[in-house]
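These notes are about the structure you will find just below.
What follows draws every value from the coordinates through simple rules; no lab data is involved. Not measured: the values here are computed from a predicted model. Note that we place each Cβ from the backbone using ideal geometry, even for glycine, and neighbour counts take in every protein chain shown.
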Number of protein chains: 2
Amino acid sequence: MENPDFKRIDGQALRQFCVRALMACGCSQKQADVTADLLVSADERGVHSHGVNRLEIYTQDLQLGAADGSAEPEIVSETAAAACVNGKNAMGAYVGTFCMDLAIQKAREQGIGFVVARGSNHYGMAGFWAMKAQKEGMIGMSMTNSSPCMVPTGASRAAIGTNPIACAAPAHEDGMVLDMATTTVPLGKIEFYHRQGKPIASGWGVDNTGTVTTDSEKILFGGGLCPLGGEAATGGYKGYGLAMMVDTLCGVLSGAAFGPTIKGWRAGRTSANVGQMFMAINPDKFCPGFEDRMHEFNSLMRGLPLAQGATEVLVPGDPEKRKTDEAREKGVPLHTNVVEALNKIADSLQVERLQL
Amino acid sequence: MENPDFKRIDGQALRQFCVRALMACGCSQKQADVTADLLVSADERGVHSHGVNRLEIYTQDLQLGAADGSAEPEIVSETAAAACVNGKNAMGAYVGTFCMDLAIQKAREQGIGFVVARGSNHYGMAGFWAMKAQKEGMIGMSMTNSSPCMVPTGASRAAIGTNPIACAAPAHEDGMVLDMATTTVPLGKIEFYHRQGKPIASGWGVDNTGTVTTDSEKILFGGGLCPLGGEAATGGYKGYGLAMMVDTLCGVLSGAAFGPTIKGWRAGRTSANVGQMFMAINPDKFCPGFEDRMHEFNSLMRGLPLAQGATEVLVPGDPEKRKTDEAREKGVPLHTNVVEALNKIADSLQVERLQL
């Protein structure tokens, strides 16, 4: 690791630390285990915005009673291929595990399993859930709604979340993992540029009049994020439309909160009632040889003639796969600020600090 | 109709004309009926790129034997909730009708119906298929792969289609209909600007080195379309990722052609072997009151404070709904060039011209 701001941490030690901290806040062992796994996987993939730096919010939610670390999700309605689940305000990682396991089980027989959840919480990196199905040789898809931060086309107020879409497909050792917010960039990226005083690209966010701006200050204070596509002329209404699609499947269908009715971050003890969608598709029930064809598709894309200045054509998930391989060999990279924050959490919860 | 370049045509007369022309090329009555309905619906919605101006290509495909106007699609494999269909090279509209009807039927009992097709042809406006489920009180989704015209991020050659995503949700009289290509704009839009010699926005297309350009000439000759998001800095890799997701579900899963293996337009008598996905979700099997909540969601979005210079906040499908209402009242608007082209088709096929 060349970057001196990062330390490599043993993945197992990091998981155990997360479990200790979560259980000290009243999380059951089962909920703590899957939550730790979710967070560490994100750091392994280099998606640090959804990694252990979220532990602070998670432990606060548990301490305030905004999330219930001992709840058990319940199936509200069910068919052979579909289900609606009430997460009962358990940790998002636990609701996600319950739902995707159910979708996979249904897909084994029916070719498709489609499960939606209400009463859930932040479920981390959407790709994690899609990859759960991928590991079973299935196509996995997952989406979640989230706190309002995207300003719809034509509006001047944030009213819908970053509402990510994830899709993972198996291809022997060579999968495809799409995991994307429906905004141009995540809020964290604008905060990062703001702290450094660096200018940002046009099409990332708008000010409080709904006008696209390159002033990160105006985006963060009173403005909001652009949908994928940016302004209307470059297709911004499509990103907004995708966010509405995600919220229709996650929030409206399940009976969860949706759009501007979702609470903001750090809203105290109010439960989030986030909605999520989990889909598993079993290729064996459709047409034999799926993984061979998927590998061919990936290879065709990677083998395309390069654009001027480009060094490679990637398939979604390629960069994260490389980072995961490296993290599993050398340890999980964590910013020193994050390590410090974890130690503060340890001290305040009176649990053993992270083993470096 | 203020625009003198457009004429209003009676919808029923236009449908009957399409049926006459298609049947003169060997299309069965059943295939001709659904194809006519698909094309006229697109013109009603103002999506003229997918309207009756496609009739020329459709009739040519039938005459060359590239599509089979008398074939019957077959179910290759099936469960209670899913199916894989071989379209047998029938017209795309006929394969689409077969597949979405099957998905709706499965969703009635199972909550979800998920059907993929191979051996299909161009199936017009993706939203048409999603709206078929919407009319039954269900959420409809549909996607299709298509001829390569998008240049993947980092590449310098078109290798994947515009691969649209459609999602329609019912809300009493107030539905949401998302129907979007995963490119920033359709090819037709760049051709339109090119003919007029007008400059285009950055982020629509690239030249033959894969570099974003505002020169429509370079995009049309040797270049290609940008994925939604444009350049990498503004999230172009997300639009490319969405296009791969669509092709994974449509092409790779069904056993159809995918990515750069799909033939280009007007490729003579080669059959297209296009792949498509059709999904119906029956909200009654999940959580009661879906349409009330969906209407509330739409209303919340439309009621947002406006951006500077904006006159309204829309929900996906609002503009097309207005155009449809107008077309049903006053007639379907057709460009005079299109009317002329239809009359040429009539003469060459020796069928009665369009009734004006």
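Side notes on the structure shown:
- Ascending list, in nanometres, of distances separating the A:Thr336 label from those of the other copies (7 Å, Cα toward Cβ): 7.4
- Gyration tensor (alpha-carbon) shape descriptor, region A:174-240, a/c threshold 1.5: oblate
- Per residue, the convex hull around the alpha carbon atoms of the protein assembly as shown comes to 142 Å³.
- Nitroxide proxy distance, nm - points 7 Å out along Cα→Cβ at A:Phe221 and B:Lys218: 4.1
- Ranked A:Lys238, A:Lys285, criterion: other C-beta atoms within 10 Å, fewest first: A:Lys285, A:Lys238
- Normalised by 2.2 N^0.38 Å, where N counts its residues, the alpha-carbon radius of gyration of region A:75-145 equals 1.01.
- Identity and axial distance of the chain A residue whose Cβ lies nearest the axis relating A to B, Å: A:Ala81, 2
- Candidate membrane-span-like segments in chain A, meaning DSSP H helices with Cα atoms spread over at least 15 Å of their own axis and a Kyte-Doolittle mean of -0.5 or above, are A:11-24, A:29-44, A:92-110, A:236-247, A:336-349, with no membrane implied.
- Calculated FRET efficiency, A:His194 to B:Arg353, Cβ-Cβ distance, R0 = 41 Å: about 0.05 to the nearest 0.05.
- Global form of region B:38-175, assessed from the alpha-carbon gyration tensor, a/c cut-off 1.5: rounded
- Label separation (A:His172 vs A:Gln308): 3.8 nm, computed from points 7 Å beyond Cα along the C-beta direction.
- Both radii come from the Cα set of chain A: Rg as radius of gyration, Rh as Kirkwood radius; their ratio Rg/Rh reads 0.96.
- Of the cross-linked pairs B:Lys132/B:Lys263; A:Lys106/B:Lys88; A:Lys106/A:Lys135, those separated by over 18 Å at the C-alpha level are B:Lys132/B:Lys263; A:Lys106/B:Lys88.
- Label-point spacing for A:Gln308 across the identical copies (point 7 Å from Cα in the Cβ direction), in nm and ascending order: 3.5.
- Rounded if a/c under 1.5, otherwise prolate or oblate - region B:1-113, Cα gyration tensor axes: oblate
- Using every pair of distinct Cα positions in region A:150-270, the Kirkwood expression returns a hydrodynamic radius of 15.2 angstrom.
- Helix-only [θ]222 nm of chain B, DSSP H runs n ≥ 4, -39500 (n - 2.57) each, per residue, nearest 500: -12000 deg cm²/dmol
- Nearest-first distances (nm) between copies at A:Thr270, label 7 Å from Cα via Cβ: 5.7
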